[in-house]
1. Can you find a residue in segment 76-85 that is in contact with a strand residue (DSSP E or B) (Cβ under 6 Å, 6 or more places away or on another chain), open to solvent by 30 Å² or more (accessible area, probe 1.4 Å) and modelled with pLDDT under 95?
2. What are the residue pairs meeting all of these: first residue in segment 319-334, first residue in contact (Cβ under 8 Å) with a residue 24 or more places away in the chain, second residue open to solvent by 30 Å² or more (accessible area, probe 1.4 Å) and in a loop (DSSP other than H, G, I, E, B), Cβ atoms under 7 Å, and 6 or more apart or on different chains?
3. Please specify each residue of segment 205-219 satisfying the condition of being over 23 Å from Leu166 (Cα atoms) and surrounded by fewer than 19 Cβ atoms within 10 Å (Cβ to Cβ).
4. What are the residues in segment 54-71 that are in contact (Cβ under 8 Å) with a residue 24 or more places away in the chain and either more than 18 Å from Ala354 (Cβ to Cβ) or under 19 Å from the mean Cα position of the chain (by Cα) (or both), if any?
5. Suppose we filter Glu116, Glu111, Glu137, Glu150 for residues that are within 23 Å of Asp190 (Cα to Cα), surrounded by fewer than 20 Cβ atoms within 10 Å (Cβ to Cβ) and among the charged types (D, E, K, R); which single one remains?
6. Output the residue which, of all residues in segment 153-204 that are more than 19 Å from Thr299 (Cα to Cα) and acidic (Asp, Glu), is most open to solvent (accessible area, probe 1.4 Å).
7. Mind listing just one residue for me: the one in segment 359-395 that is part of a loop (DSSP other than H, G, I, E, B) and farther than 21 Å from Tyr65 by Cα and, of those, least open to solvent (accessible area, probe 1.4 Å)?
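The values are calculated or read from the model by the stated rules, or taken from the named source; none is laboratory data. These numbers come from a predicted model, not from an experiment. In this analysis, Cβ positions are derived from the backbone assuming ideal geometry, glycine residues included, and neighbour counts consider all displayed protein chains. SASA here: full protein model, heavy atoms, side chains in, ligands and nucleic acids out. Shrake-Rupley method; radii C 1.70, N 1.55, O 1.52, S 1.80 Å.
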Amino acid sequence: MTQLKKKKGPEDKSTTHERIQLAAIGMEAEFAVIMDGVQVKPEDTFGSPSRFIREKMMHRKGRSYHLPTGGAVYFDTGVIEVATPVIEIERGCAARAGRSLWEAILFVRQELDAWEQAHDSDVQLAGFSTHYNISFEVPKHEQGTTRTVEQLAYLLTHILPVPVMLLAANRRSTGIGVRPRGDRIEITADFTPDAPLMIATATIIVGIVREVMRWPSYQISVLEDTDIPVIRGFRPMPHTTRKGWLARFDCFPDNPFIADIDGDKWPTTDGRFMSLRQIAGMITKHFWPYIRRYSDPFTLRLIGSVMKGRAPSLLDLDDRPAGYEDVGRLCTWDNLFPERVLPRSQYERVLIRAISGDKLHMDGDWYTPTGMRGWSRVVFRRKADNSRHIFSLDYLLDHLREWERPYRSGKREAGRGKRGEARHRTKATGNGAT
């Protein structure tokens with residue numbers, strides 16, 4: 001999906017046991033590090049993100065840390081990776097995820113700026129890839145033999161690539177991937193150095209994935225009963241990293257990333273000849289009610305404009321944008337969705353409180369967050385007896401209003417340490433505490 005080199009990493013097996021109750025979206029972006037004109041491995045140069053980020057960060061797991069923005073940063077086999085927290089799927093969720101990702105990117109960029117000055121070096125973040133993650137929560141008893149997450153990934157590889165190309169890809173892109181990840185579907189594409197287009201990509205992905213997930217069968221033959229065009233001769237290949245499928249440039253009769261997206265005509269399996277923009281537009285139209293369900297008004301207009309040719313796709317340009325090479329400086333975030341317009345999601349608010357170390361008062365006791373277990377659980381220390389407790393995000397949602405109240409005085413804390421302790425322990429154990 002990019003020309004930059006990244007070594008293949010080990011299989012990630014840490015997701016299936018940390019299922020959350022609400023359907024969620026999450027995004028990740030990977031960046032190559034160019035120091036004084038030479039690509040370097042961040043783990044060799046910095047050792048840990050804590051070596052260039054000045055603020056104290058909450059540890060997540062392994063060598064990853066939570067940022068004050070609510071996201072996370074870590075090194076992954078030669079790149080810096082920035083990830084959003086989980087964000088529940090509802091209207092505006094893709095915009096929230098895009099905002100969170102770009103806030104994290106700019107925070108990392110600002111910290112690198114300070115490191116540059118201290119070390120008299122130039123450090124660029126070159127866009128590598130973006131991953132779009134959507135929950136898959138179809139129960140086992142409803143999956144049967146035709147609705148597994150693996151079958152869904154293969155089916156989506158025949159639907160998503162062309163519309164995602166128009167919104168996220170560039171002339172040097174090489175493919176769009178779909179990977180089954182147990183309790184989620186992950187779509188992989190090039191990093192897009194344009195925040196509105198990245199959010200548009202996330203929006204169209206969540207709309208299509210969530211609707212196809214509801215289909216009674218994920219067998220590829222179901223496309224024959226729809227008006228969804230599939231390019232004749234398209235044959236997806238196994239994904240080059242982890243399990244899944246890849247719509248790489250050489251899986252098509254010709255390379256779609258260097259084609260004229262309006263002029264060249266592509267034969268489809270139902271006998272039509274269409275341009276790439278027409279194919280993307282027809283797929284978008286088919287799923288429009290579901291895309292609209294999750295979109296904000298601004299992004300919905302942008303998607304429609306790109307599909308109709310009224311707004312440019314990056315594939316309309318002669319080459320990849322220069323902003324790709326210096327993310328955070330040549331391309332940046334203009335705060336398109338301030339909180340007064342698009343409030344934070346509930347999961348975001350819980351995570352930001354936890355990462356900030358804000359004390360939580362529950363049933364007569366005070367709890368201080370001290371760490372995270374992945375994305376879905378928060379580690380607390382109880383003041384009364386210094387005991388350790390782990391609460392799920394879903395359990396903490398019930399206490400979010402109390403958590404967001406202004407701090408109470410120390411006098412109100414005094415004398416309340418053990419009141420209701422037994423009652424709270426019983427209640428919490430049934431809601432994800434250990």
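1. No - not one qualifying residue is present in segment 76-85.
2. Asp319/Arg171; Arg320/Arg171; Arg320/Arg172; Gly323/Leu330; Cys331/Asp194
3. Those that are over 23 Å from Leu166 (Cα atoms) and surrounded by fewer than 19 Cβ atoms within 10 Å (Cβ to Cβ): Arg214, Trp215, Pro216, Ser217, Gln219.
4. Within segment 54-71, Arg54, Arg60, Lys61, His66, Leu67, Pro68, Thr69, Gly70, Gly71 qualify.
5. On the way: Glu116 fails: within 23 Å of Asp190 (Cα to Cα); Glu111 fails: within 23 Å of Asp190 (Cα to Cα); Glu137 fails: within 23 Å of Asp190 (Cα to Cα).
None of the others qualify; the one that does is Glu150.
6. Asp183
7. Ranking the qualifying residues of segment 359-395, first place goes to Gly364.
Conditions tested, residue by residue: (1) at pLDDT 95 or above; (2) open to solvent by less than 30 Å² (accessible area, probe 1.4 Å); (3) more than 22 Å from the chain's Cα centre (by Cα).
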| site | (1), (2), (3) |
| --- | --- |
| Pro229 | yes, yes, yes |
| Met237 | yes, no, yes |
| Lys243 | no, no, no |
| Asp260 | yes, no, yes |
| Gln278 | yes, no, yes |
| Met282 | yes, no, yes |
| Ser305 | yes, yes, yes |
| Val327 | yes, yes, no |
